[in-house]
1. Among the residues of the stretch 21-30, is there at least one that is farther than 16 Å from residue 103 by Cα, of a type in the set (Gly, Ala, Ser) and at pLDDT 95 or above?
2. Does residue 124 qualify as being surrounded by 11 or more Cβ atoms within 10 Å (Cβ to Cβ) and in contact with a Gly (Cβ under 9 Å, 6 or more places away or on another chain)?
3. Please name all residue pairs, on different chains or six or more residues apart, with Cβ atoms under 8 Å, provided the first residue is in the stretch 51-75 and is assigned to a helix (DSSP H, G or I) and the second residue is among the aromatic types (Phe, Trp, Tyr).
4. Please work out which residue is farthest from residue 75 (Cα to Cα), limiting yourself to the stretch 15-65 and to residues that are surrounded by 13 or more Cβ atoms within 10 Å (Cβ to Cβ) and of a type in the set (Gly, Ala, Ser).
5. Do we have any residue at all in the stretch 90-105 that's farther than 19 Å from residue 50 by Cβ and part of a loop (DSSP other than H, G, I, E, B)?
6. When you scan the stretch 23-44, how many residues do you find that are within 21 Å of residue 9 (Cβ to Cβ), in contact (Cβ under 8 Å) with a residue 12 or more places away in the chain and of a type in the set (D, E, K, R)?
Amino acid sequence: MAQVMFYGTGRRKNAIAKVFLVPGDGKVIINNKPIDEYFGRRTLEMVVRQPIELTGIQSRFDVKAKVLGGGISGQAGAILLGISRALLQADPNLRPILKRAGFLTRDSRMKERRKYGLKKARKASQFSKR
């Protein structure tokens, strides 16, 4: 028998998250580790759990996420978007709740590229007249 599974992709900065919602008891597994072991900070755990708690499905689904690239803050944002998109697949009636909270909006801010002649994107060496 095929297992029911809902999928959502999330991106933030350079992080990409592939998120699967499977029927279960509310466990969150990221890169084959429990969430408290993967993220050292409670705030990032709270960010990831926000859409789950807002919609009230804590005990209906397990979250399994595979995250690549970026730092831990960007990864948490990517997982949040992935969970929100997967929840929409599971129940399209949750759209107004998630939209109002801002969980369906992709944060498009990226690191600015480095320009030639400069040390970083905007940092130049100090100007000297002579």
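The values are calculated or read from the model by the stated rules, or taken from the named source; none is laboratory data. On a predicted model such as this, the values are computed, not experimentally measured, just so you know. Virtual Cβ from ideal backbone geometry, glycine too; neighbours counted across all protein chains shown.
1. Looking through the stretch 21-30, none of the residues is farther than 16 Å from residue 103 by Cα, of a type in the set (Gly, Ala, Ser) and at pLDDT 95 or above.
2. Answer is no for this residue.
3. Here the result reads 51/103; 52/61; 54/103; 72/39, each pair linking the stretch 51-75 to a residue that is among the aromatic types (Phe, Trp, Tyr).
4. The qualifying residue farthest from residue 75 (Cα to Cα) is 24.
5. no
6. Matching residues across the stretch 23-44 total 1.
Results for (1) out of contact with any Lys or Arg (no Cβ under 8 Å at 6 or more places or on another chain); (2) over 20 Å from residue 109 (Cα atoms), shown as yes or no for each residue.
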| position | (1), (2) |
| --- | --- |
| 5 | yes, yes |
| 16 | yes, no |
| 29 | no, yes |
| 47 | yes, no |
| 55 | yes, yes |
| 61 | yes, yes |
| 66 | no, yes |
